[in-house]
Amino acid sequence: MSLLVVGLSHRSAPVSVLERASLAADTRAKLLQDTLAAEPAVEATVLATCNRIELYADVDKFHAGVAELSTLLAQHSGVGLDELTPYLYVHYEDRAVHHLFSVACGLDSMVVGEGQILGQIKDALALGQELHTAGRLLNDLFQQALRVGKRAHSETGIDRAGQSLVTFGLEQLAAGADVTDWARGKRALVIGAGSMSSLAAATLARTGVAEIAVANRTRARADRLVEILGQPGGTGVTARAVEMAEISGELTRADIVVSCTGATGLVLTAEAVAGALGLAVEDADEKPAVVPAPAAAPEPAPDDDVDRHAAWVENGSSGSVRRAVRRATVPAQGTGPTRLALLDLAMPRDIDGAAGRLDGVRLVDIESLAEASADAPMAADVDQVRTIVSDEVAAFGAAQRAARITPTVVALRTMAAGVVAGEIARLDGRLPDLDEKQRAEITQTVRRVVDKLLHAPTVRVKQLASEPGGAGYADALRELFDLDPQTVAAVSRADLNDPNRGRS
C-alpha cells in the first residue's frame with residue numbers, strides 16, 4: 001500500500017484560503033482525471049467539503065507523488081502553488097489511513113463528533129467509482145472508513161461532543177440564549193436545497209420557527225424540500241417555495257436567513273441586506289476588497305516543497321503544518337438589537353461579510369464558526385473513539401499487507417496444480433491400462449499430498465505478511481519457488497479489475 005493524501009482544512013488554513021481553493025463538482029472530476037494521467041498515481045479520489053479539500057491517491061513514489069498532487073491541487077483550485085503550499089498537509093500509508101478514519105469519526109471536524117462527514121466520504125467514494133479512478137485500495141479504504149465512522153457513532157457518545165454545523169451556527173446566532181426559545185415564532189428564509197440547506201430547514205422546523213421560505217435555483221428541489229417539511233406527523237411548520245428572484249422581498253419579512261448554495265459569487269450582498277432593513281450600505285464599515293486571483297505562479301521547485309513535506313511526515317507534524325495557521329479575524333457585528341440573523345454555511349461564502357457590520361444584523365459564517373469551535377470542550381468519549389481509530393488502522397494495515405501476498409500464494413498453488421496435472425498426464429502415458437476409478441484415486445492422492453505440503457507454509461506466510469515489515473515474504477516466496485512474475489501480476493490485475501470489488 002502506497003496511500004498518499006495531500007490536502008488542506010480548517011485546521012491548517014484560514015477560511016479565506018479555503019474559500020478560494022474550493023472545488024466545483026466539474027473541477028473535482030477534472031482533477032481526478034488529471035491525477036490518474038500523472039505518472040505517480042494509479043488511482044485517486046477527492047474529499048471536498050465546506051472546510052476541507054483532500055486528494056487521496058495510490059502512488060508508486062512518495063516524493064514525486066507529493067509534488068504532483070500539490071501541483072494539481074494548486075492548478076485546479078486556482079490558488080498559486082507558492083501560496084497554497086504552506087497550508088498543505090501530507091499523510092502517507094498508515095498515517096493517511098489514520099487521518100481518514102479520524103475524519104470519518106468526526107474527530108477532525110470543525111464541530112467535533114458531527115456525522116455529516118460520513119455522507120461526504122460516501123460521495124467522494126461514489127465519484128471515484130463513477131469516474132473509475134478509485135481502484136482496489138481506495139475502495140477498500142473508503143468503505144472501511146464509513147464502517148469505522150458508523151462504529152464510532154454507535155459504540156460511543158461522540159455525538160454528544162458536538163453537533164452539526166447548523167445547530168452550532170444557530171447557537172452562535174442565539175448568543176447564549178436557548179436556541180428553541182430564541183427561534184420560536186420567527187420567520188426563516190433558507191437559500192439552497194442541498195443536503196446542508198435541507199438539514200438547516202429541518203433543524204429550524206424542530207426549533208419552532210413559525211414559517212420557512214425555501215429559495216433555490218432549481219424550483220423543483222425547493223418544492224421537494226417544502227413537501228418534506230410539510231409531511232403529516234412532522235413539526236407543523238408552514239413552508240413554501242419561492243424563486244431566487246424573490247429573495248429581496250423575502251428579506252424584508254425574515255428574521256433568520258440560512259444560506260448554503262454552490263454559487264461561486266455572493267448570493268446576498270451588503271446592499272441587499274441594507275435595503276431590506278431600510279438602511280444605507282454606508283452604515284457598514286468599508287466593504288472588504290475582493291481578493292484578486294493570484295498571478296501565475298513561478299515555476300515551482302518541487303524538490304524544496306517535497307523535502308519540506310517529507311520532513312513534516314517524519315516529524316509527525318504534517319497535520320498541523322507546524323501550526324503555521326493564520327487565524328482570520330472575525331468581522332465585527334452590527335450594533336443594536338438583532339433584527340436579522342444571518343447564517344452562511346457556504347464555501348465560498350454566500351453572504352457579503354460587510355452585511356454583518358450593519359446595525360441590527362448578526363452574521364455567523366464558516367470563518368466565525370471556526371473561531372468559536374476552537375475552544376469547544378471535548379467529550380470524554382473522544383478518547384474512546386481515538387482507541388477505535390487506532391485499532392481499526394492496525395487491522396486495516398494488516399489486511400492490506402496480507403492481501404499483497406495473496407497473488408503470490410495463488411500463483412504458487414497454480415504452479416503446483418500444473419505440476420500435478422503434468423505428472424498425471426505422464427502417468428497416463430506410462431500406465432494406459434488404468435481404469436477411471438484407479439486414475440481418479442491416484443489423482444486425488446497426489447493433490448492431497450501437494451495441498452498438505454503447501455498448507456502450513458501458505459497459512460504461515462500470510463500471517464507473517466500481515467505484520468509490519470512483512471512485505472518481503474512475498475518476494476521470498478517468489479524467489480524460493482521460482483514463480484513466474486507475469487503469473488503473479490496476472491492474478492493481481494484480475495483482482496484489481498474485478499468490477500464488483502469494493503462497490504458501494
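Just name the residue that is most open to solvent (accessible area, probe 1.4 Å) out of those in the range 1-27 that are of a type outside the set (A, V, I, L, M) and either free of Cβ contacts under 8 Å to residues at least 12 places away in the same chain or farther than 19 Å from LEU81 by Cβ (or both).
Filtering the range 1-27 for residues of a type outside the set (A, V, I, L, M) gives 2, 7, 9-12, 14, 16, 19-20, 22, 26-27.
Next cut, either free of Cβ contacts under 8 Å to residues at least 12 places away in the same chain or farther than 19 Å from LEU81 by Cβ (or both) only: 2, 10-11, 26.
On the way: SER2: 30, HIS10: 22, ARG11: 86, ASP26: 112 Å².
Result: ASP26.
Given the options ILE158, ILE121, ILE212, name the one that is touching an Asp or Glu at 6+ places or on another chain (Cβ under 8 Å), open to solvent by less than 40 Å² (accessible area, probe 1.4 Å) and of a type in the set (Val, Ile, Thr). Quick ask: steps written out before the conclusion?
Values: ILE121 fails: touching an Asp or Glu at 6+ places or on another chain (Cβ under 8 Å); ILE212 fails: touching an Asp or Glu at 6+ places or on another chain (Cβ under 8 Å).
Selected residue: ILE158, the only one of ILE158, ILE121, ILE212 that is touching an Asp or Glu at 6+ places or on another chain (Cβ under 8 Å), open to solvent by less than 40 Å² (accessible area, probe 1.4 Å) and of a type in the set (Val, Ile, Thr).
Any residue in the range 412-430 that's touching a residue at least 24 places away in the same chain (Cβ under 8 Å) and open to solvent by less than 40 Å² (accessible area, probe 1.4 Å): show its pairings with residues that are part of a helix (DSSP H, G or I) and among the acidic types (Asp, Glu) at Cβ separation under 9 Å, as long as the two are six or more apart or on different chains.
ALA416/ASP451
Please pick out the residue among VAL103, VAL97 that is free of Cβ contacts under 8 Å to residues at least 60 places away in the same chain, of a type in the set (A, V, I, L, M), touching a helix residue (DSSP H, G or I) at 6+ places or on another chain (Cβ under 9 Å) and assigned to a helix (DSSP H, G or I). Step through it out loud before you land on a result.
Values: VAL97 fails: free of Cβ contacts under 8 Å to residues at least 60 places away in the same chain.
After ruling out the rest, the residue left standing is VAL103.
Check off (1) of a type in the set (A, V, I, L, M, F, W, C); (2) touching a helix residue (DSSP H, G or I) at 6+ places or on another chain (Cβ under 7 Å); (3) open to solvent by 30 Å² or more (accessible area, probe 1.4 Å) for LEU55 and give me the number that stays unchecked.
Condition (3) is where LEU55 drops out.
Assess whether GLY149 counts as being under 17 Å from the mean Cα position of the chain (by Cα) and either part of a loop (DSSP other than H, G, I, E, B) or small (Gly, Ala, Ser) (or both).
So GLY149 fits the description; yes.
Going by the structure shown, is GLU371 acidic (Asp, Glu) and at pLDDT 90 or above? Don't jump to the end; show me each part of the working.
On the way: acidic (Asp, Glu): yes; at pLDDT 90 or above: no.
Judged against the criteria, GLU371 is not a match.
Filtering the range 62-102 down to residues that are touching a strand residue (DSSP E or B) at 6+ places or on another chain (Cβ under 8 Å) and farther than 14 Å from VAL6 by Cβ, which residue is most open to solvent (accessible area, probe 1.4 Å)?
Taking the range 62-102 and keeping what is touching a strand residue (DSSP E or B) at 6+ places or on another chain (Cβ under 8 Å), we get 62, 65-66, 68-70, 72-73, 77, 84, 87-93, 96-100.
Remaining after also requiring farther than 14 Å from VAL6 by Cβ: 97-98.
Values: VAL97: 0, HIS98: 76 Å².
So, considering only residues that are touching a strand residue (DSSP E or B) at 6+ places or on another chain (Cβ under 8 Å) and farther than 14 Å from VAL6 by Cβ, the one most open to solvent (accessible area, probe 1.4 Å) is HIS98.
Looking at the range 407-427, which of its residues are at pLDDT below 85 and of a type outside the set (A, V, I, L, M)?
PRO407, THR408, ARG413, THR414 - these are the residues of the range 407-427 that are at pLDDT below 85 and of a type outside the set (A, V, I, L, M).
Taking the range 255-278, which residues are closer than 15 Å to ALA200 by Cα and in contact with a strand residue (DSSP E or B) (Cβ under 7 Å, 6 or more places away or on another chain)? Break it down into steps so the answer makes sense when it comes.
Residues of the range 255-278 closer than 15 Å to ALA200 by Cα: 255-261.
Correct list: ASP255, ILE256, VAL257, VAL258, SER259, THR261.
Residue by residue through the range 380-393, note down the ones that are open to solvent by less than 60 Å² (accessible area, probe 1.4 Å) and among the hydrophobic types (A, V, I, L, M, F, W, C).
Once the filter is applied, which keeps residues that are open to solvent by less than 60 Å² (accessible area, probe 1.4 Å) and among the hydrophobic types (A, V, I, L, M, F, W, C), the range 380-393 yields VAL382, VAL385, ILE388, VAL389, VAL393.
More than 20 Å from LEU268 (Cα to Cα) and in a helix (DSSP H, G or I): is that true of LEU173 in this structure?
Values: more than 20 Å from LEU268 (Cα to Cα): no; in a helix (DSSP H, G or I): yes.
Here the answer is no, as LEU173 does not meet what is asked.
The values are calculated or read from the model by the stated rules, or taken from the named source; none is laboratory data. The structure displayed is predicted, hence computed values, not measured ones. Cβ: placed from backbone, ideal geometry, glycine included. Neighbour counts: every protein chain shown. With ligands, DNA and RNA removed, areas are computed over all heavy atoms of the protein, side chains included. Shrake-Rupley method; radii C 1.70, N 1.55, O 1.52, S 1.80 Å.
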